[in-house]
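Below is one structure, written out as structure tokens; comments come after it.
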Amino acid sequence: MHGPGSAAWLLVALCAATGAYCVLRMRSGVEEQRRAAGGEALMGFGMAFMALPAAVFTPPRAAWAVYAAVFGAAALRALWAARSGAGAGAHHLHHLVGTSAMAYMAVAMAVAPGGHAGHGGAGTPLVTELLLLYFAGYVLWSGARLVPVAAAGGAPPVTGWGDRPELARACRLSMGIGMVAMLLTM
């Protein structure tokens, strides 16, 4: 995932800030929001770690296997949540795609020479292209959802800034942008 220095640092900052905000969102009084924020914090910090420039930190090859196992477990948890119908099913499916993409990128880093995934002579793998297509579409869709809409009359009152749905959407949008950037550098 290691791209040009300044772009990599911007991606690290974006993902780390998103992860930090998601940790703050975990203080919500709504259990489903806390659970979603925890998964998103894991994604944000994981993406920040993966985007660190190679000149600063190159983890050992075994670290990528651990990374793949952590995100593989998170993908299974998202699959279980989506299957059981707990909370917002579409969000769990998106989280399943995101955690699976993280596990996929970690495996790519583990098997790549020197631990750095990059374009080989064979072109971009089909899985990478499908993930790019999904996340590019997600970024466009979630960006359009940030446009303010008149509040529904029966909407529950927002109790804290961590419970605001537009901030959660902005968090997910920034992670989607980060995922597109990471997939482009594979």
By the gyration tensor of its Cα atoms, with a ≥ b ≥ c the square roots of the eigenvalues, what is the shape of region 29-84: rounded for a/c under 1.5, prolate for a/b over b/c, or oblate? oblate
Provide the per-residue ³J(HN,Hα) series for region 99-111, in order, calculated from phi with Karplus coefficients 6.51, -1.76, 1.60 and θ = phi - 60°, each as a whole number of Hz, with x at glycine and proline positions. 5, 5, 5, 5, 5, 4, 5, 5, 5, 4, 5, 5, 8
What's the ranking of 102-109, 21-28 by average number of surrounding C-beta atoms within 10 Å, highest first? 102-109, 21-28
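I'd like the carbon and sulfur percentage of the solvent accessible area for region 1-107, probe radius 1.4 Å, heavy atoms only, ligands and nucleic acids excluded. List each step's numbers first, then the result.
Numbers: 3660 of 5030 Å².
Carbon and sulfur together cover 73 percent of it.
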Run the simple label-point estimate for ALA144 and VAL56 please: 7 Å along Cα→C-beta, distance reported in nm. 3.5 nm
Amide N proximity, region 48-76 versus SER6 label position 7 Å along Cα-to-Cβ, cut-off under 17 Å: 53
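Is region 1-49 rounded, prolate or oblate when judged by the Cα gyration tensor, a ≥ b ≥ c being the square roots of its eigenvalues, rounded requiring a/c under 1.5 and prolate requiring a/b larger than b/c?
Working: a/c = 5.36, a/b = 2.97, b/c = 1.80.
Judged from the Cα gyration tensor, region 1-49 comes out prolate (a/c at least 1.5, a/b above b/c).
The values are calculated or read from the model by the stated rules, or taken from the named source; none is laboratory data. These numbers were taken from a predicted model, which means no experiment stands behind them. Glycine gets a Cβ as well: all are built from the backbone with ideal geometry, and neighbour counts include every protein chain shown. We work out accessible area using only protein heavy atoms, side chains counted, and drop any ligands, DNA or RNA first. Shrake-Rupley method; radii C 1.70, N 1.55, O 1.52, S 1.80 Å.
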